[in-house]
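Novice: A single structure is presented below for examination.
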Amino acid sequence: MKSTNRKRALLVSSSVILLCMTVIVGMTWALFTDTQRVTNHLQAGDLSVTLNRTELTKTTLNTEGKLVTSAPDTNPKNFSNPTDENVFGIVEGEKIVPGTKYVAKMKIENHSDVAFGYWIEIVCADKTNGADLAKQLKVTVNTGTDASAFVNDGLAVKGANDGYVGELIIGATAEFTVTVEFLDSFVAENNIEHNDLAQGENLSFDLVVHAVQATD
């Protein structure tokens, strides 16, 4: 009787061991798995020119009709985005006469992601109502040296061999001055038309700053 119980106990033990072995063997095939996905995010850099007027001086008519030079306006004004606002502060109804003069000091800044080279252009696209006035308005851009032309002819201010005026690395700044003056044909050295031809005319022109990514 004892022998039979012992055999039964051994069989049970053997079954348990076999069952455990089966589980162990089975688990060796249940390998842990996992999946990791790496997503690559690419973002294009930004080239953005920040253009501010830092100072403006005007020689214009006062309420008595006399030419006077105002105190410089040193309140910074941002012209970074395309705008119809006049960089010379010319308001609606303001008249210009021979001797009128505007001097705007500008600052160009690189707050973008890349270095860039820049050059400056004065463009008059439509002279329909101001052909004679365009011949008598002299514009000068000073980037360290003066470059001048009449609005009628347009002006492109570049470096040597039509290169950039300068290059700005990230965070760098540069300054230039734009002067526009209505020349008096009787005293100016330039051979321009008589001022009376421009009476009543009106004209608009653009100050354009071109920026191109710089490379080695």
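The values are calculated or read from the model by the stated rules, or taken from the named source; none is laboratory data. In this text, all values refer to a predicted model and were calculated from it rather than measured experimentally. For neighbour counting, all protein chains shown are included, and Cβ atoms are generated from backbone atoms with ideal geometry for every residue, glycine included.
Novice: Tell me whether the range 70-78 contains one or more residues that are in contact (Cβ under 8 Å) with a residue 24 or more places away in the chain and crowded, with 19+ Cβ neighbours inside 10 Å.
Specialist: Within the range 70-78, the subset in contact (Cβ under 8 Å) with a residue 24 or more places away in the chain is 76-78.
With crowded, with 19+ Cβ neighbours inside 10 Å added as a condition, the list becomes none.
No, because not a single residue in the range 70-78 is in contact (Cβ under 8 Å) with a residue 24 or more places away in the chain and crowded, with 19+ Cβ neighbours inside 10 Å.
Novice: Right, next: Hey, can you tell me all the residues within the range 61-89 that are under 16 Å from residue 102 (Cβ atoms) and among the hydroxyl-bearing types (Ser, Thr, Tyr)?
Specialist: 69, 70, 74
Novice: Okay, next question. Whether any residue in the range 91-105 is assigned to a loop (DSSP other than H, G, I, E, B), aliphatic (A, V, I, L, M) and closer than 21 Å to residue 214 by Cα is what I want to check. Spell out how you get there, then give the answer.
Specialist: The initial filter retains those residues of the range 91-105 that are assigned to a loop (DSSP other than H, G, I, E, B), namely 91-100.
Filter once more, so that each one left must be aliphatic (A, V, I, L, M): 91, 96-97.
Next cut, closer than 21 Å to residue 214 by Cα only: none.
The answer is no; no qualifying residue exists.
Novice: Another one. Which ones in the range 127-152 are under 26 Å from the mean Cα position of the chain (by Cα) and part of a loop (DSSP other than H, G, I, E, B)?
Specialist: The answer is 143, 144, 145, 151.
Novice: Could you tell me whether any residue of the range 103-124 is more than 27 Å from residue 48 (Cβ to Cβ) and modelled with pLDDT under 90? Talk me through it step by step, then tell me what you get.
Specialist: Our first condition is that a residue be more than 27 Å from residue 48 (Cβ to Cβ); within the range 103-124, this holds for none.
So far as the range 103-124 goes, no, none of its residues is more than 27 Å from residue 48 (Cβ to Cβ) and modelled with pLDDT under 90.
Novice: Find the residue count for the range 118-167, including only residues that are in contact with a Cys (Cβ under 7 Å, 6 or more places away or on another chain) and basic (Lys, Arg).
Specialist: Matching residues across the range 118-167 total 0.
Novice: Then there's this: Restricting the search to the range 193-206, which residues are surrounded by fewer than 19 Cβ atoms within 10 Å (Cβ to Cβ) and not in a loop (DSSP other than H, G, I, E, B)?
Specialist: First, the residues of the range 193-206 that are surrounded by fewer than 19 Cβ atoms within 10 Å (Cβ to Cβ): 193-194, 196-197, 199-202, 204, 206.
The answer is 196, 197, 206.
Novice: What about residue 161, is it of a type in the set (S, T, N, Q) and farther than 25 Å from residue 76 by Cβ? Spell out how you get there, then give the answer.
Specialist: Numbers: of a type in the set (S, T, N, Q): yes; farther than 25 Å from residue 76 by Cβ: yes.
Spelling it out, residue 161 is indeed of a type in the set (S, T, N, Q) and farther than 25 Å from residue 76 by Cβ.
Novice: Find the residue count for the range 152-188, including only residues that are over 24 Å from residue 205 (Cα atoms) and at pLDDT below 90. Give the steps one after another, and end with the answer.
Specialist: Of all residues in the range 152-188, those over 24 Å from residue 205 (Cα atoms) come to 160-161, 167-173, 186-187.
Of the ones still in play, those that are also at pLDDT below 90 are 160-161, 186-187.
Number satisfying all stated conditions: 4.
Novice: Related question: Which of the residues that make up the range 135-190 are out of contact with any strand residue (DSSP E or B) (no Cβ under 7 Å at 6 or more places or on another chain) and of a type in the set (D, E, K, R)?
Specialist: 153, 162, 184, 189
Novice: All but one of (1) closer than 28 Å to residue 195 by Cβ; (2) out of contact with any Phe, Trp or Tyr (no Cβ under 6 Å at 6 or more places or on another chain); (3) not hydroxyl-bearing (Ser, Thr, Tyr) hold for residue 88; state the number of the condition that does not hold.
Specialist: Failing condition for residue 88: (2).
Novice: Further, regarding this structure: Does the range 41-69 hold any residues that are aliphatic (A, V, I, L, M), surrounded by 10 or more Cβ atoms within 10 Å (Cβ to Cβ) and either in contact with a Lys or Arg (Cβ under 7 Å, 6 or more places away or on another chain) or in a loop (DSSP other than H, G, I, E, B) (or both), and which are they? Talk me through it step by step, then tell me what you get.
Specialist: Step one: of the range 41-69, the residues aliphatic (A, V, I, L, M) are 42, 44, 47, 49, 51, 56, 61, 67-68.
From what is left, the residues that are surrounded by 10 or more Cβ atoms within 10 Å (Cβ to Cβ) are 47, 49, 51, 56, 61, 67-68.
Of everything in the range 41-69, those that are aliphatic (A, V, I, L, M), surrounded by 10 or more Cβ atoms within 10 Å (Cβ to Cβ) and either in contact with a Lys or Arg (Cβ under 7 Å, 6 or more places away or on another chain) or in a loop (DSSP other than H, G, I, E, B) (or both) turn out to be 47, 61.
Novice: Identify, by number, the condition in (1) charged (D, E, K, R); (2) surrounded by fewer than 16 Cβ atoms within 10 Å (Cβ to Cβ); (3) touching a residue at least 60 places away in the same chain (Cβ under 8 Å) that residue 127 doesn't meet.
Specialist: Of everything listed in (1) charged (D, E, K, R); (2) surrounded by fewer than 16 Cβ atoms within 10 Å (Cβ to Cβ); (3) touching a residue at least 60 places away in the same chain (Cβ under 8 Å), residue 127 misses just condition (2).
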